[in-house]
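In what follows, a single structure is set out as structure tokens and then discussed.
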């Protein structure tokens, strides 16, 4: 029986549970003996010209090895495009937390003391805190660019007259607020220049991408840079590649020809690491009173923060996924991506797709409210039908496989939708202070959006018959070591405890893409599967020679890991024997798997929320989901991904928001101020099964890492609004904090 | 100043700066790096250890304050023969960890919680872990693991 699809607990865990992982700041290796500690001096203001830096006093402090500023950085490493990002700020700072100088010290604590002594003179400039300010363009972050707009795009229908035939049109501007990724391990980097080579230990999701960026920015040959990702304490998209601060630490090691290590504080993390989301969305939806939606326009203003990074790309994904699970021929979308004097925005769990789902789901609810129809019924009447796949959307996506109506029906039945509505009605009739709200979201998202880049895997059978997998994919909690070993066992019959999985070292794995966009299993896992298949084909040839039988007569007994003439155990050869027969070349395969197109996981979520109408406090009491990601290799891992995703989506809906004051000062730069979701904020989740395989990879799998977030956020937001809809509330921007909910209730009451 | 703390049964003495935190003492003087630092406001709980049997956040305790005390970290939880503690076993069986960064603190907080309340409800587990953040699991499997460990603790060995 195949091990695939069975509940296998993780092989990674015993080490993590007994001695703990080895994250960058835990590294106690000879290469880093004597490394100096790096401490950043960061901008305390959102927008200012730098008129002087005096580091003399800091340099005189005992233990200070160097104070580095932009003046130490070679001209060639400076940005050459108008909105490009320097390593250390050159003549202007554009967000609180921007790196201005770097202190290198002998001990851990001296850095903070020395940083206090570095005097930076700032001449304040007007802050640009909101996207509205950015669009006004009274102040430009990059005067040479002549604009605050970093990118624009349009997709789908653009003609305004498609709304002309609609009986009902609803328009609203909503906010998909800025949130912080908050990996529990903050950013950390160690770097060592030795013998003409730079080795960088980084907390990254993509060692190879990090290597390429370091080589390019420092003007080094790729072969002169090695990046190692040790254990990584969570990424959620925020650790894609290598960011500016980590790059600066790598540069410092190169510049000083020494060893440097750095681990930031959480406060630095919350103002210096990228944030996610940050869209102002204007939704316009039109259709008929029978529930049929015929036109939809999503207009996005994406906040990029101070430097464009991937802001415009996120908005382009939102645009691509604008119509969600619905068949809306008259769908169009457009975006403007703007810079503001705030922390840069980049990928965070979902990266552009939760924003699309939140918008269309909110639009569906508003439309349903306007025509007085159950929001579930409106959804049902507009879903892309199961027989329509592959389905091309108006904005250009080609959905591979799906059955959206089935997902919705399953979640409604599993949650007991009719009973929930009855309970809601009873409480309303009784005039209960605590109201119940039901929110339903249907979603489809894009995973492995860069399917053509693929992923690499090398699989080698060792002399003792064990296997080593070198995967280009990079794990930071997902359980690759377990899942990849299962794939090898399934294909080769080598028991998974005899399969070693290696990742995150550019010397061992020179070519790879790494982890983002829920691509790991469908590309990295499929690559492992492909490598295993090739090894099996080679092994068959070798075994045939050794046994002196025809290849066609051989079989691999996958239960025991033997090659033999079919039905004849007396001819059995072990993997060790076959590997020995491979000669000097060894028995291995080195592959890159690419898929013809991305995959589109889908599902439906139902959230039940209780809202105390006197305090505005909303509490998530049930969360029921269908998350169909195709074939499941290991249900334990898939459930873990769904749980974490749901929590982060619910957190954005209810609690989390990065805030700045009018001057651009962060108001949420500690975990005492940023409301990261905790255990008592959440219920246990109710997960329902659904499997619709994809046809674009041999495993039939889609991505599962981000789906939970994408489905949960709109369902929970909708549930909160639904709880108080009878009081006249039609919308509450996220997060649905007591303040927001209470204000919405009171505004609605006042308007009546 | 000179500080001696018994960590996982072994006395560790070190001459440390006055401002040295317990977590720094454990990581630097003790070389025990399972205990992690995830914040600077006593919010995340990644640094949770047992101090004379009770859970504390070791980022908010000075090493000098606990001179002469006994501390247990994740590394000291398994029995000497390597058998994992029931909470460790339950975390493994229930997939209560992903990246592992919050895990040392989460496990120690759970051990402390069950010492105080051997038969908690789900809500009590959730409330008891409020001071420990996990960004990966959504807490679902952590809560299940703590409840499973509680059950295992009540059953005769």
query = In this structure, is residue A:688 surrounded by fewer than 21 Cβ atoms within 10 Å (Cβ to Cβ) and either in contact with a strand residue (DSSP E or B) (Cβ under 8 Å, 6 or more places away or on another chain) or in contact (Cβ under 8 Å) with a residue 40 or more places away in the chain (or both)?
reply = yes
inquiry  = For the structure I just gave you, tell me whether residue A:664 is more than 22 Å from residue A:424 (Cβ to Cβ) and either within 14 Å of chain B (Cβ to nearest Cβ) or touching a helix residue (DSSP H, G or I) at 6+ places or on another chain (Cβ under 7 Å) (or both).
reply    = no
request  = Return yes when residue A:372 is out of contact with any helix residue (DSSP H, G or I) (no Cβ under 9 Å at 6 or more places or on another chain) and farther than 18 Å from residue A:147 by Cα and no when it is not.
outcome  = yes
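Return the residue satisfying two criteria in turn: it lies in region A:468-487 and is closer than 19 Å to residue A:454 by Cβ and in a helix (DSSP H, G or I), and of such residues it is farthest from the other protein chains (Cβ to nearest Cβ).
A:487
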message = Can you confirm whether residue A:432 is farther than 30 Å from residue A:502 by Cα and outside any helix (DSSP H, G or I)?
response = yes
ask   = From the residues in region A:639-661 that are more than 10 Å from chain B (Cβ to nearest Cβ) and part of a helix (DSSP H, G or I), which one is surrounded by the fewest Cβ atoms within 10 Å (Cβ to Cβ)?
value = A:653
query = Looking at region A:343-416, what helices (runs of 4 or more DSSP H) fall wholly within it and have at least 2 residues that are surrounded by fewer than 19 Cβ atoms within 10 Å (Cβ to Cβ) and within 26 Å of the chain's Cα centre (by Cα)?
reply = none
ask   = Identify, please: which residue in region B:33-56 is more than 10 Å from chain A (Cβ to nearest Cβ) and buried (at least 24 other Cβ atoms within 10 Å of the Cβ) and is, among those, farthest from residue A:674 (Cα to Cα)?
value = B:49
inquiry  = If a residue must be within 14 Å of another protein chain (Cβ to nearest Cβ) and out of contact with any helix residue (DSSP H, G or I) (no Cβ under 9 Å at 6 or more places or on another chain), how many such residues does region A:110-143 contain?
reply    = 3
query = Looking at region A:605-637, which of the residues that are crowded, with 24+ Cβ neighbours inside 10 Å and within 12 Å of another protein chain (Cβ to nearest Cβ) is nearest to residue A:708 (Cα to Cα)?
reply = A:625
request  = Please work out which one of (1) crowded, with 24+ Cβ neighbours inside 10 Å; (2) within 7 Å of chain A (Cβ to nearest Cβ); (3) in a helix (DSSP H, G or I) is the condition residue B:108 fails and give its number.
outcome  = (2)
request  = Among the numbered conditions (1) part of a loop (DSSP other than H, G, I, E, B); (2) in contact with a helix residue (DSSP H, G or I) (Cβ under 7 Å, 6 or more places away or on another chain); (3) in contact (Cβ under 8 Å) with a residue 24 or more places away in the chain; (4) crowded, with 22+ Cβ neighbours inside 10 Å, tell me where residue A:712 comes up short.
outcome  = (1)
key: Search result, residues across region A:311-339 that are in a loop (DSSP other than H, G, I, E, B) and surrounded by fewer than 22 Cβ atoms within 10 Å (Cβ to Cβ)   = A:327, A:329
ask   = Among the residues of region A:176-226, how many are over 30 Å from residue B:134 (Cα atoms), in contact (Cβ under 8 Å) with a residue 24 or more places away in the chain and over 24 Å from the mean Cα position of the chain (by Cα)?
value = 14
task = Report, by residue number, each residue of region A:91-109 that is outside any strand (DSSP E or B) and in contact with a helix residue (DSSP H, G or I) (Cβ under 6 Å, 6 or more places away or on another chain).
result = A:96, A:97
task = Scan region B:133-157 for residues that are buried (at least 24 other Cβ atoms within 10 Å of the Cβ), within 11 Å of chain A (Cβ to nearest Cβ) and closer than 22 Å to residue A:9 by Cβ and jot them down.
result = B:134, B:135, B:136, B:137, B:138, B:139, B:140, B:141, B:142, B:143, B:145, B:146
request  = Would you check if residue B:127 is surrounded by fewer than 21 Cβ atoms within 10 Å (Cβ to Cβ), closer than 27 Å to residue A:480 by Cα and facing chain A (nearest Cβ under 9 Å)?
outcome  = no
ask   = Would you call residue B:119 over 28 Å from residue A:187 (Cα atoms), more than 8 Å from chain A (Cβ to nearest Cβ) and at pLDDT below 95?
value = no
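The values are calculated or read from the model by the stated rules, or taken from the named source; none is laboratory data. The model shown is predicted, which means the values in this text are computed figures rather than measured ones. A quick note on method: Cβ atoms are made from the backbone with ideal geometry, for glycine too, and the neighbour counts reach across all protein chains shown.
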